[in-house]
Amino acid sequence: MSVDKSFGDLGPGGNQDPVVPDWRSMEIPDAWPDLSNFSSLRGFWSLLRLIAAKKRPTVELPEGMPGRDMIPKYVLREFHNFPNGNYSKAMTRRYINNFDRFMLGEIKKLRKRLAAEFKGASRVLDIGCSGGGVAAELEALGVEDVWGIDPSPYLLKHGADEYPNIKFVQGIIEETGFPDRRFEGATAGFLFHEMPIKYFELSLKEINRILEPGSLLAIGEPSPVQAYSGYWEMTRRFGLKGLYFSWFAKSIHEPFLNTWHNCDLQGLFDKHGFDLELDDVGMPIRYILARKR
């Protein structure tokens, strides 16, 4: 099965939007973790060993997976110590169910903060939408036309099952397929640190194209504070919460995180037509607002 690359309904400017697949009825093939028995004691121990392994394998995309040929190579670098990353039914379900627990509720706060920036807007895109959490917050605030885009059909199917009124499309932010100036705003939660800077720049170029002038791009990313501070300093400043996030940041595999933390963020936004309005380096989240000129 392949992703339908035709176009669907007309957007606000009279141009056509990408087709929204019927994710809820679509059969997506099992990936290798879906075929593994992790429910037994031996299987659970095997899963723990896979999660704890320091050397991370390349993601294996099953034959017949929707959009298999459009997945960039950098996406095939395994993230977050989850076996096969975002490309299996079982692992993506665990990720959606448990990530906010691992983040001690901070992701739930981030979703609400991102969505709140667009109260009163009518057309917003959630980039790297995962299971649709931010998109759902946007819908709850009354945004009429909410879209989510993500390369993983497994995540999109989970999102469509839970939030049937949101339009989920498979794609990459470097080349979305949306018409020019399609949206009034865009959100991105825990996305850009997962790509090389070259692709972050391509993403900014594409986001500039699909946003109206004056539109806001709201971003949440892991903070560099817990990544580069020692355990004692984090404990002194933030207590046990700081100690936990320091351990968490040093334990999770993120192949492009250091490059992201050390890039010239203001210079990159300026180069691609955005004004950096806010760069709030908190702990554990760095919150960024940039506006298209």
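Report yes if G242 is modelled with pLDDT of 95 or more, outside any strand (DSSP E or B) and buried (at least 18 other Cβ atoms within 10 Å of the Cβ), otherwise no. Explain how you work it out, then say what you get.
Details: modelled with pLDDT of 95 or more: yes; outside any strand (DSSP E or B): yes; buried (at least 18 other Cβ atoms within 10 Å of the Cβ): yes.
Against the criterion (modelled with pLDDT of 95 or more, outside any strand (DSSP E or B) and buried (at least 18 other Cβ atoms within 10 Å of the Cβ)), G242 qualifies.
Where the second residue is buried (at least 18 other Cβ atoms within 10 Å of the Cβ) and among the polar types (S, T, N, Q) and the first is without any contact (Cβ under 8 Å) to a residue 40 or more places away in the chain and lies in segment 248-261, which pairs have Cβ atoms under 7 Å and are six or more apart or on separate chains?
Qualifying pairs under 7 Å: A249/Q226.
From the list F82, F99, pick out the single residue that is more than 28 Å from N208 (Cα to Cα), assigned to a helix (DSSP H, G or I) and aromatic (F, W, Y).
Unique residue meeting the criteria: F99.
How about segment 262-276: which of its residues are part of a helix (DSSP H, G or I), touching a residue at least 60 places away in the same chain (Cβ under 8 Å) and either surrounded by 13 or more Cβ atoms within 10 Å (Cβ to Cβ) or hydrophobic (A, V, I, L, M, F, W, C) (or both)?
Selection gives L268, F269.
For segment 188-208, what are the residues that are under 16 Å from L257 (Cβ atoms) and outside any strand (DSSP E or B)?
Restricting attention to segment 188-208, the residues satisfying the condition of being under 16 Å from L257 (Cβ atoms) are 188-200.
F190, L191, F192, H193, E194, M195, P196, I197, K198, Y199, F200 - these are the residues of segment 188-208 that are under 16 Å from L257 (Cβ atoms) and outside any strand (DSSP E or B).
Select from segment 209-226 the residues that are assigned to a helix (DSSP H, G or I) and surrounded by fewer than 20 Cβ atoms within 10 Å (Cβ to Cβ) and list them in ascending order.
Selection gives R209, P224.
What do you reckon, is K108 more than 17 Å from W23 (Cβ to Cβ) and either at pLDDT below 95 or surrounded by fewer than 21 Cβ atoms within 10 Å (Cβ to Cβ) (or both)?
yes
Can you tell me which residues in segment 245-266 are among the β-branched types (V, I, T) and either within 28 Å of E277 (Cα to Cα) or at pLDDT 95 or above (or both)?
T259
Looking at this structure, is M70 buried (at least 16 other Cβ atoms within 10 Å of the Cβ) and either in the same structural domain as G148 (by TED's automatic domain parsing) or at pLDDT 80 or above (or both)? Outline the logic, then answer.
Working: buried (at least 16 other Cβ atoms within 10 Å of the Cβ): no; either in the same structural domain as G148 (by TED's automatic domain parsing) or at pLDDT 80 or above (or both): yes.
No; evaluated as a whole, the condition is false for this residue.
The values are calculated or read from the model by the stated rules, or taken from the named source; none is laboratory data. Being a predicted model, the structure only gives us computed values, none of them experimental. For neighbour counting, all protein chains shown are included, and Cβ atoms are generated from backbone atoms with ideal geometry for every residue, glycine included.
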